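As structure tokens, the structure follows; a few thoughts come after it.
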Amino acid sequence: MKLIAGLGNPGEEYAFTRHNMGWMSVDHLAQRLGLGKPQLKFRGEFWRAGFGILLKPLTFMNLSGQSVREAFDFYKLAPEDVLIVYDDLALPYGRLRLRAQGSAGGHNGLASVLGALGTLEVPRLRIGLGSGPGSMVSRVLGHLTAEERELLPSVLDRVEEAVEAWLTMGVQKAMSKVNGPAAP
């Protein structure tokens, strides 16, 4: 049983903001897998899939750990069975980075998850947002530009490939495949 949780914020005002790349990724996976409409449980939207579940916490980004912890406890998972998908300003737009463990690196959503699970040993897939004008807050909460929206389908396809690699190869082998310099 695996849990893939995409981080984001609920509400129409956050749709297609850079901070919701985790949510967009989970929506993309659910659509590709033909999973239909989500169920409401674990303070989020979730889908059952062959490998386990997909989860979109509805707790707002900074409280994502509450939702992830509920699903984690319900399914009696180990930290290595969880993959957190989220945005990262430190990577160029569309670049993916898979890691087996580590700190939150300043990301409040991931910090909430790590705190709720009580470990840094949680696999994560970071999706690059790139840098841009304005403050960090205005960048992550800003809507995707026309160019970013045009590239979004290929980014989400690569996220799908990365998740599949994590599911089938394990995190160490998947890291070798995912962490290359592929452009969006």
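Which fully enclosed strands (runs of 3 or more DSSP E) of the stretch 1-68 have 2 or more residues being without any contact (Cβ under 8 Å) to a residue 40 or more places away in the chain and either buried (at least 24 other Cβ atoms within 10 Å of the Cβ) or under 14 Å from the mean Cα position of the chain (by Cα) (or both)? I'd like the intermediate steps shown before the answer.
Numbers: elements: 2-6, 39-41, 44-49, 52-57.
Those strands (runs of 3 or more DSSP E) span 44-49.
Please go through (1) of a type outside the set (Lys, Arg); (2) surrounded by fewer than 18 Cβ atoms within 10 Å (Cβ to Cβ); (3) touching a residue at least 40 places away in the same chain (Cβ under 8 Å) for residue 166 and return the number of the only condition it doesn't satisfy.
(2)
All but one of (1) part of a loop (DSSP other than H, G, I, E, B); (2) over 16 Å from the mean Cα position of the chain (by Cα) hold for residue 104, so report the exception by its number.
Unmet for residue 104, out of (1) part of a loop (DSSP other than H, G, I, E, B); (2) over 16 Å from the mean Cα position of the chain (by Cα): (2).
Tell me whether the stretch 105-120 contains one or more residues that are touching a Pro at 6+ places or on another chain (Cβ under 6 Å) and under 18 Å from residue 163 (Cβ atoms).
no
Taking the options 106, 102, 132, name whichever one is under 19 Å from residue 24 (Cβ atoms) and either crowded, with 16+ Cβ neighbours inside 10 Å or not aliphatic (A, V, I, L, M) (or both).
Numbers: 106 fails: under 19 Å from residue 24 (Cβ atoms); 102 fails: under 19 Å from residue 24 (Cβ atoms).
Unique residue meeting the criteria: 132.
Would you point out which residue out of 139, 149, 97, 158 is under 17 Å from residue 20 (Cα atoms), in a helix (DSSP H, G or I) and within 15 Å of the chain's Cα centre (by Cα)? So that I can check it myself, show each step before the final result.
Values: 139 fails: within 15 Å of the chain's Cα centre (by Cα); 149 fails: within 15 Å of the chain's Cα centre (by Cα); 97 fails: in a helix (DSSP H, G or I).
None of the other options fit; the residue is 158.
Within the group 171, 113, 85, which residue is open to solvent by 20 Å² or more (accessible area, probe 1.4 Å) and aliphatic (A, V, I, L, M)? Lay out the reasoning, then the answer.
Working: 113 fails: open to solvent by 20 Å² or more (accessible area, probe 1.4 Å); 85 fails: open to solvent by 20 Å² or more (accessible area, probe 1.4 Å).
That would be 171, the only listed residue that is open to solvent by 20 Å² or more (accessible area, probe 1.4 Å) and aliphatic (A, V, I, L, M).
The values are calculated or read from the model by the stated rules, or taken from the named source; none is laboratory data. Being a predicted model, the structure only gives us computed values, none of them experimental. Cβ sites come from the backbone with ideal geometry, for glycine too, and all protein chains shown count toward neighbours. Please note that ligands, DNA and RNA were not included when accessible areas were found on the heavy atoms of the full protein model with its side chains. Shrake-Rupley method; radii C 1.70, N 1.55, O 1.52, S 1.80 Å.
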